[in-house]
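The values are calculated or read from the model by the stated rules, or taken from the named source; none is laboratory data. Quick caveat, the model's predicted, so the values are computed rather than measured. Virtual Cβ from ideal backbone geometry, glycine too; neighbours counted across all protein chains shown.
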Amino acid sequence: MPPFSKVLVANRGEIAIRVMKAIKEMGMKAVAVYSDADKYAPHVKYADEAYWIGPPPALESYLNIERIIDAALKAHADAIHPGYGFLSENPKFAEAVEKAGITFIGPSAEVMNKIKDKLEGKMIARKAGVPTSPGPLKPIESVDEALKVAEEIGYPVMLKAAGGGAGVGIIRVDNPNELAEAFEKSKRLSYSAFGRAEIYIEKAAIKPKHIETQLIGDKYGNYVVAFERECTIQRRNQKLIEEAPSPSINWEERKEIIEASIRFGKEISYFTLGTMEFVFSPVTREFYFLEINKRVQVEHTVTELITGIDLVKLQIRLAAGEYLPFSQEDLKIRGHAIQFRINAEDPLNNFTPQSGYITYYKEPTGPGIRVDSGVELGTWVPPYYDPLISKLIVYGQSRDYAIQVGLRALNDYKIGGVKTTIPLYKLILQDPEFWEGTFTTAYISEKMDYFMTKLREEEERKLAIAISMYNRGLLKRKKEETQKPVVKNKNNWKTYGITLQSSPRVLW
Amino acid sequence: MVMKLVRVQTELGDTYIIAYDQKGEIDTVKIGEKELKVKYLGNGTRENEYLFEINGEIYSAFIEPDGTLIFNNKEFLRLDRIIELPVKEGERVEELIRGKEGEVVSPLFGRVVKIRVKEGEAVNKGQPLLSIEAMKAETVISSPISGIVQKIMVKEGQGVKKGDVLIIIK
């Protein structure tokens, strides 16, 4: 029995399609919502029904709580899946959905309100005995106070926006001279992005790696953790490549964060899917809790591949009030999975987001490959939303095998019309530092100059060959010799007559 | 040596001014500061496949029915148009390639958040001129040459497109 009859997906692009696939497989109807910019988008076509919710800017469409609930009521949907981003972690939205008599697929507004920001999350983590980074649990008021606190906990320190997310306003400070300027900058960024200027300080991890655990809970206090993911390859605190399991930690450490994550979940009676983000130092072998993400993650796919669980289906069932169908002992890690976020961004130009029509599209297929795409040939990539257009997930029996599959799949993946991060990923996969797994979160920023030189060389080489072809008149494709269909005469005597008549020999 | 000059526009909106010259099987291609020697090796073994050699490495180029060029079955390039540019006598190809000197153009789409120089001020090469905010991050634009700021074309808070002239330095 499907837990609901009709589910509205309050999102767009890749994740909307991913969630709709789960909805369809469970025998329910999928409802899409769309803005003017997404009239012809694949997620709208893929749904069973679709409702318009407003003009292109997200604030007037995908972030418009009223319009989305109106659409759900019009469609008689009995549940809403928020995907990730947009309204997924907004307690006001969860509350409005519940008030309309619709089930919100995610934690309740009550649970979300227990952790309003990063600082509160850190407080709960300390209470639950989850390892956290040294630093006071309150916002810093002035530069003088910041200097004093930083001196106490020791450099390097991190400045963070309490109300922040998506890596905005996070600045690493290595010595007291940089602190004043960084403090003002972080404050300004935080205020313009979230309308709050509260900054807090904590100790920075040495050679940091980003590791997160997949927490799964039902409404009755049962928890499991579907192991961890490593998302260390980032730029400006935005993840680019994610993998599971992490190549950096051992089973003892894995057990430690699994148990800590479960304690955290119990502390706030969390349910459905959640992600506990940690920064891990391979030097001191310490974990520092960062925050909990109260939604399905972009990178949930790698966990699905190594555990065999369909996380989205499970999330829907748990939101409907079902019990967790398995225990921690039932979960096993099998193989290795890597996800590449295909962003419509120009790696040669500071990752500027790109907009345009997809003019050429070839998706990789074959063993060990999964593509969660939000675009197809002819799709318009609008400038209003996240530049993530597709996700390539590869699987192999080991990390080495997964890397081999990854490089092959990236070579096969060809997207025209917008610049993408695919050429950059190909270079990363050929880097011995990536093979060894010794990279830190600074990997992209440290190596970007090298990657950019390589990318430019590739571009110049391609142009040079194209010019050489142009010069030799080779840019036009040869006219194809079309196979002429065999004309079948209705009557063979006709051919006989024609040959006879055209024959120069006169027989009589 | 008189080189031929073309403006190449890729489908992705990048424009390149490229000079080239053919000597037998070898083409000398100049893109910006870079000079590449491309050797044409002839037809490949497949229809619409041609082989080239650059720096001792062999590249196969294949043309798709829609004109897409595929290299070594991995990389690809889609050109919008190639326009031949007349080269007048006495004009130096290098100048045409590099563009006007002293114009600082925006490398990205964003919003000017801070202008750090004034008109009439002297600047050194590498000195920060202004910052542009795009996608939650600030990019500092530095001076490409030493000189005097002649004109500031933008205001703080103004949105800029890629390729917009920001500051003129003489």
Worksheet item: Could you say which residue among A:LYS419, A:LYS426 is part of a helix (DSSP H, G or I) and within 12 Å of chain B (Cβ to nearest Cβ)?
Response: A:LYS426
Worksheet entry | Enumerated strands (runs of 3 or more DSSP E) restricted to region A:1-101, each holding at least 2 residues that are surrounded by fewer than 21 Cβ atoms within 10 Å (Cβ to Cβ) | A:49-54
Practice prompt. Just need a number here: residues in region B:65-100 that are touching a strand residue (DSSP E or B) at 6+ places or on another chain (Cβ under 9 Å), at pLDDT below 90, farther than 15 Å from B:VAL8 by Cβ and within 13 Å of chain A (Cβ to nearest Cβ).
Written response: 1
Discussion item. Looking for something among the aliphatic types (A, V, I, L, M), within 14 Å of chain B (Cβ to nearest Cβ) and surrounded by fewer than 21 Cβ atoms within 10 Å (Cβ to Cβ) - is there at least one such residue anywhere in region A:334-348?
Written reply: yes
Discussion item. Condition first: under 30 Å from A:ILE211 (Cα atoms) and either modelled with pLDDT under 95 or among the aliphatic types (A, V, I, L, M) (or both). Can you find one or more residues in region A:455-467 that meet it?
Written reply: yes
Worksheet item: Regarding A:GLY169, is this residue buried (at least 18 other Cβ atoms within 10 Å of the Cβ) and at pLDDT below 85?
Response: yes
Practice prompt. Go through (1) more than 7 Å from chain A (Cβ to nearest Cβ); (2) part of a loop (DSSP other than H, G, I, E, B); (3) at pLDDT below 90 and name the single condition B:ARG46 misses.
Written response: (3)
Practice prompt. Would you point out which residue out of A:PRO347, A:PRO423 is modelled with pLDDT under 95 and not β-branched (Val, Ile, Thr)?
Written response: A:PRO347
Item to complete: Check whether at least one residue in region A:126-135 is part of a loop (DSSP other than H, G, I, E, B), at pLDDT below 95, farther than 22 Å from A:GLY274 by Cα and not aliphatic (A, V, I, L, M), and report yes or no.
Response: yes
Response to the item:
Within region B:100-122, the residues that are not in a loop (DSSP other than H, G, I, E, B) and not charged (D, E, K, R) are B:VAL104, B:VAL105, B:GLY110, B:VAL112, B:VAL113, B:ILE115, B:ALA122
Worksheet item: Are any residues in region A:430-445 surrounded by 20 or more Cβ atoms within 10 Å (Cβ to Cβ) and within 14 Å of another protein chain (Cβ to nearest Cβ), and if so, which ones?
Response: A:ILE444
Discussion item. Going by what's in this entry, would A:VAL279 be described as closer than 20 Å to A:ASP372 by Cα, touching a residue at least 40 places away in the same chain (Cβ under 8 Å) and not charged (D, E, K, R)?
Written reply: no
Worksheet item: Among A:VAL302, A:VAL405, which is the only one that is touching a residue at least 40 places away in the same chain (Cβ under 8 Å) and either buried (at least 23 other Cβ atoms within 10 Å of the Cβ) or outside any loop (DSSP other than H, G, I, E, B) (or both)?
Response: A:VAL302
